[in-house]
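Q: Below is one structure. I have some questions about it.
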2 protein chains.
Amino acid sequence: MADYYSLNKQELEKEFNDVSREYEHYRSMHLSLDMSRGKPSSDSMDVSQKMFDSVGNHIGFKNIDGIDCRNYGGLDGLVELKNLFAEILELKPEQIIVGGNSSLNMMFDTVAQAMTHGMGGEPWCKQEGLKFLCPVPGYDRHFAITEYFGLELIPVPSNEEGPDMDVVEELVKDEKVKGIWCVPKYSNPEGITYSDNVVKRMARLKPAAGDFRIFWDNAYVIHDLYDESDKLLNIYTECVKAGNPDLPIIFTSTSKITFPGAGVAAEAASPNNVALLKGRMKYQTIGPDKLNQLRHARIFKNAADVRAHMKKHADILRPKFEAVLEAFENQLGGTNIARWTKPRGGYFISLYVPNGCAKRVEELCANAGMILTSAGATYPYGVDPNDSNLRIAPSYPTIDELEKASSVLCLAVKYAVLEKLLSNL
Amino acid sequence: MADYYSLNKQELEKEFNDVSREYEHYRSMHLSLDMSRGKPSSDSMDVSQKMFDSVGNHIGFKNIDGIDCRNYGGLDGLVELKNLFAEILELKPEQIIVGGNSSLNMMFDTVAQAMTHGMGGEPWCKQEGLKFLCPVPGYDRHFAITEYFGLELIPVPSNEEGPDMDVVEELVKDEKVKGIWCVPKYSNPEGITYSDNVVKRMARLKPAAGDFRIFWDNAYVIHDLYDESDKLLNIYTECVKAGNPDLPIIFTSTSKITFPGAGVAAEAASPNNVALLKGRMKYQTIGPDKLNQLRHARIFKNAADVRAHMKKHADILRPKFEAVLEAFENQLGGTNIARWTKPRGGYFISLYVPNGCAKRVEELCANAGMILTSAGATYPYGVDPNDSNLRIAPSYPTIDELEKASSVLCLAVKYAVLEKLLSNL
């Protein structure tokens, strides 16, 4: 396709007419499509249906320790799941706290703990002007937690290796900077995996704040689309080597392994941090839902079981990602008005359109019945200074819907850009 | 039995010899008994086994709204459970927030919210010297939450009608006093139900602190041992009448209806408070475990279903309570060294021994292989100033174990008191 920037006025007008007509054609279809959230489809959840039969009247409800999982107790989770998450995260079982159905909740609670009781130092709520680093684009719900607690959100640019570590190393010299949000593997929304160099530099950080913490949300640790997985260095091992064992707090969950609403979340850290976190938990709860943990323990004996399970997810998700990427290639390739990431795992694709066009693309999509993640949501305070990034979530729609949705999206991108080019003439 | 206080030295010595011999007899049995926590027995949990078959591959996982309960979403719970808890608590469904497996967690989070964001006023963590009222004896985990957050715990004496409202009305004139813990029905550990007069005076409180809150833990709202239930006035209705709709925050759960570790908790309040609470929740989680909520919704269509279910629990628990009360009557009646409550519901009996004897009774029981709730645990900071109250939890042991345990306990009471009487001669 022609580079839009090489077209003259007449050519641009003709292209706009063609694009408008095609866009109106889709609009007349009264579509109802949603690519806004990383929500699995019904098919994806069906992969885990054996969960429903793994605990019950005929097969009991005791774990390998003989604990009756219906009753109270067990603050930090069943031993089977500690072992499982330890294997997946390449940590020791005693580093793992197994929780309820939401890793976001564990992250929120960890920041809440820092606010009222500190992370080994003075409570954050007693200090003024605290800041938190937010690699952009990133996960809106991460940013929202630290915004809710009144921390100033500092955007950090990212590249294909992860956050720009020159910038991070400079920013952590400020003792008001208390932490950084990271999705290190198949990142949300870029789908990139941090390079060894980024992980090592992250582990070697010497923040001015002694209670600076890396919130390492390894949400997609085992969520590969292809047989060959992206390789992510073990942040904890690197931190130990660098003499910084207390730096990272690691999160993951089975939300996209079993069920998003009824999975199991886990938090992992150094012995010091684990003691600190449990010190709060023992006041907060008598224990997590052990029956749901047991459902997981019974269908996943080890990480290999989870990997085999994830291949079934990949078989459903891979064609969806490929349908979107193929549409981008076919419909936007050569136009020079968009670039996009090509993730090998995770749940998202990032699409970049010319500065000042993302919100308009979102609006045009919405007018054609297609919901995108709100443009800007991937930046602190919901404001993308370039108005350029769009997060694409291909997981929920069917392939047929995705083909339509991708066409609407590509047309909306062309429409928005042509509109702008023409108005600037 | 003879009044111990009427015995002369010789009679006391003889009684001590008899009691010691009998105590040693039990000690030689190497018992292992636990009456320390309000933990249901296996039998009690078996009552809810149909929960396991209420959601699954053959009967689906959608609620009446058609929501796929496996997936993300639904911040405040399924409509079926809002309706169910509304009926049980005599409130409107829109007042109900349905959560995860722990009402304690909801209480903790509500205090945490008050700390960092306030309850409509200035965040509590920005204020010094805050206090919280703790009717005694009470629930240790309640007291521990407010202690964890650094509030000063102020004990409030209770009587057979509930907290001493003369004292409460006086204490709330202090603007540093931010709230009160209440277990209004079949209270923990007294087993008493607040009188209409206490509920009305509670509702009419005019605290100096505008953000004073009544934490109304209606844990045993429907947990009767007998056909005739204790009647508790509706705190919310009374608060509305008194022009204080925002005063109470109400909690309950199905922990002792279905499974302690895998029940469903709920929080209820005025529209203002609900908006405030949801304002935090939307940052904290994407939603609770809806599959577990659906399991509950499918076996309990309405409060009548729950009441029928609770009769099965009562049939298991009532003989346990009666076994303990009968042992107290037979073995301590007439001695004038103990008094105890006779609850018609809930999970606990309170036993009072002469001042300065409770810890010794606990120790003597422990030496004979029987674990009691730590003496003092029912008071702020774990200190019973009279060292007199013991919380008895009859739910977990079998009847046979309870008979042994009650005998050990009665002997320990006699032993401790005789020891003291003899040493004072």
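Q: With respect to the numbered conditions (1) within 30 Å of residue A:312 (Cβ to Cβ); (2) crowded, with 16+ Cβ neighbours inside 10 Å, which one is the sole condition not fulfilled by residue A:209?
A: (1) is the only condition that residue A:209 fails.
Q: Considering only residues of segment B:83-95 that are under 22 Å from the mean Cα position of the chain (by Cα) and farther than 21 Å from residue A:262 by Cβ, which is farthest from the other protein chains (Cβ to nearest Cβ)?
A: B:90
Q: Which of the numbered conditions does residue B:180 fail, given that it passes all the others? Conditions: (1) β-branched (Val, Ile, Thr); (2) within 14 Å of another protein chain (Cβ to nearest Cβ); (3) part of a strand (DSSP E or B).
A: Going through (1) β-branched (Val, Ile, Thr); (2) within 14 Å of another protein chain (Cβ to nearest Cβ); (3) part of a strand (DSSP E or B) one by one, residue B:180 breaks only (2).
Q: Another question, if that's okay. What do you reckon, is residue B:98 among the hydrophobic types (A, V, I, L, M, F, W, C), surrounded by 18 or more Cβ atoms within 10 Å (Cβ to Cβ), touching a strand residue (DSSP E or B) at 6+ places or on another chain (Cβ under 8 Å) and away from chain A (no Cβ under 11 Å)?
A: Taking the combined requirement at face value, the residue satisfies it.
Q: I would also like to ask the following. Condition first: under 30 Å from residue B:347 (Cβ atoms) and either at pLDDT below 95 or over 34 Å from the mean Cα position of the chain (by Cα) (or both). Now tell me which residues in segment B:1-24 satisfy that.
A: B:1
Q: Only one residue in A:80, A:15, A:11 is acidic (Asp, Glu), away from chain B (no Cβ under 14 Å), assigned to a helix (DSSP H, G or I) and surrounded by fewer than 15 Cβ atoms within 10 Å (Cβ to Cβ). Which one?
A: A:11
Q: Still on this structure: Out of B:330, B:273, B:292, report the one residue that is within 24 Å of residue B:110 (Cβ to Cβ), of a type in the set (S, T, N, Q) and away from chain A (no Cβ under 14 Å).
A: Within the list B:330, B:273, B:292, the selection yields B:273.
Q: I've got another one for you. Among the listed residues B:156, B:167, B:198, which satisfies the condition of being out of contact with any Lys or Arg (no Cβ under 7 Å at 6 or more places or on another chain), free of Cβ contacts under 8 Å to residues at least 24 places away in the same chain, under 30 Å from residue B:392 (Cβ atoms) and away from chain A (no Cβ under 14 Å)?
A: Checking each option against the conditions leaves just B:167.
Q: Take the residues of segment B:254-270 that are surrounded by 23 or more Cβ atoms within 10 Å (Cβ to Cβ) and away from chain A (no Cβ under 14 Å): which is farthest from residue B:95 (Cα to Cα)?
A: Looking at residues that are surrounded by 23 or more Cβ atoms within 10 Å (Cβ to Cβ) and away from chain A (no Cβ under 14 Å), I get B:266.
Q: How about segment A:43-69: which of its residues are at the interface with chain B (Cβ under 10 Å from one of its Cβ atoms), in a loop (DSSP other than H, G, I, E, B) and under 32 Å from the mean Cα position of the chain (by Cα)?
A: Answer for segment A:43-69, where residues must be at the interface with chain B (Cβ under 10 Å from one of its Cβ atoms), in a loop (DSSP other than H, G, I, E, B) and under 32 Å from the mean Cα position of the chain (by Cα): A:48, A:55, A:69.
Q: Applying the selection to segment B:360-384, what residues are over 20 Å from residue B:142 (Cβ atoms), crowded, with 17+ Cβ neighbours inside 10 Å and not acidic (Asp, Glu)?
A: Those that are over 20 Å from residue B:142 (Cβ atoms), crowded, with 17+ Cβ neighbours inside 10 Å and not acidic (Asp, Glu): B:360, B:361, B:364, B:365, B:368, B:369, B:370.
Q: Checking residue A:251 against (1) under 30 Å from residue A:179 (Cα atoms); (2) buried (at least 19 other Cβ atoms within 10 Å of the Cβ); (3) within 13 Å of chain B (Cβ to nearest Cβ): exactly one of these is not met. Which one?
A: Tallying (1) under 30 Å from residue A:179 (Cα atoms); (2) buried (at least 19 other Cβ atoms within 10 Å of the Cβ); (3) within 13 Å of chain B (Cβ to nearest Cβ), residue A:251 fails exactly one: (3).
Quick grid of which residues meet (1) in contact with a helix residue (DSSP H, G or I) (Cβ under 6 Å, 6 or more places away or on another chain); (2) small (Gly, Ala, Ser); (3) assigned by TED's automatic domain parsing to the domain that holds residue A:378:
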residue: A:134; (1), (2), (3): yes, no, no
residue: A:137; (1), (2), (3): no, no, no
residue: A:143; (1), (2), (3): yes, no, no
residue: A:156; (1), (2), (3): yes, no, no
residue: A:162; (1), (2), (3): yes, yes, no
residue: A:165; (1), (2), (3): yes, no, no
residue: A:170; (1), (2), (3): no, no, no
residue: A:174; (1), (2), (3): no, no, no
residue: A:182; (1), (2), (3): no, no, no
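Q: Out of (1) among the charged types (D, E, K, R); (2) surrounded by fewer than 24 Cβ atoms within 10 Å (Cβ to Cβ); (3) farther than 18 Å from residue B:36 by Cβ, what's the single condition that is false for residue B:414?
A: (2)
Q: Residue under question is residue B:157, and the condition is that it be under 24 Å from residue B:199 (Cα atoms) and either modelled with pLDDT under 95 or buried (at least 19 other Cβ atoms within 10 Å of the Cβ) (or both); does it hold?
A: no
Q: Right, next: Among what's in segment A:190-201 and is in contact with a helix residue (DSSP H, G or I) (Cβ under 7 Å, 6 or more places away or on another chain) and crowded, with 20+ Cβ neighbours inside 10 Å, pick the residue that is nearest to residue A:265 (Cα to Cα).
A: Among residues in segment A:190-201 that are in contact with a helix residue (DSSP H, G or I) (Cβ under 7 Å, 6 or more places away or on another chain) and crowded, with 20+ Cβ neighbours inside 10 Å, the one nearest to residue A:265 (Cα to Cα) is A:199.
Q: Same structure, new question: Given the options A:356, A:346, A:334, name the one that is at positive phi, at pLDDT 95 or above, buried (at least 18 other Cβ atoms within 10 Å of the Cβ) and in the same structural domain as residue A:38 (by TED's automatic domain parsing).
A: Selected residue: A:346, the only one of A:356, A:346, A:334 that is at positive phi, at pLDDT 95 or above, buried (at least 18 other Cβ atoms within 10 Å of the Cβ) and in the same structural domain as residue A:38 (by TED's automatic domain parsing).
Q: Criterion first (within 23 Å of the chain's Cα centre (by Cα) and farther than 30 Å from residue A:106 by Cα) does residue B:266 satisfy it?
A: Judged against the criteria, residue B:266 is not a match.
Q: In addition: Starting from residues that are at the interface with chain B (Cβ under 10 Å from one of its Cβ atoms) and among the β-branched types (Val, Ile, Thr), keep the ones in segment A:101-132 and report whichever is surrounded by the fewest Cβ atoms within 10 Å (Cβ to Cβ).
A: A:116
Q: Please give the number of the condition residue A:381 fails out of (1) in a strand (DSSP E or B); (2) at positive phi; (3) not small (Gly, Ala, Ser).
A: All conditions pass for residue A:381, except number (1).
Q: Same structure again: Quick check on my filter: what residues within segment B:20-42 are farther than 16 Å from residue B:399 by Cα, more than 14 Å from chain A (Cβ to nearest Cβ) and assigned to a loop (DSSP other than H, G, I, E, B)?
A: B:28, B:29, B:30
The values are calculated or read from the model by the stated rules, or taken from the named source; none is laboratory data. Since the model is a prediction, treat every value here as computed from it, not as a measurement. Using ideal geometry, Cβ is built from the backbone for each residue, glycine included, and neighbour counts are taken over all protein chains shown.
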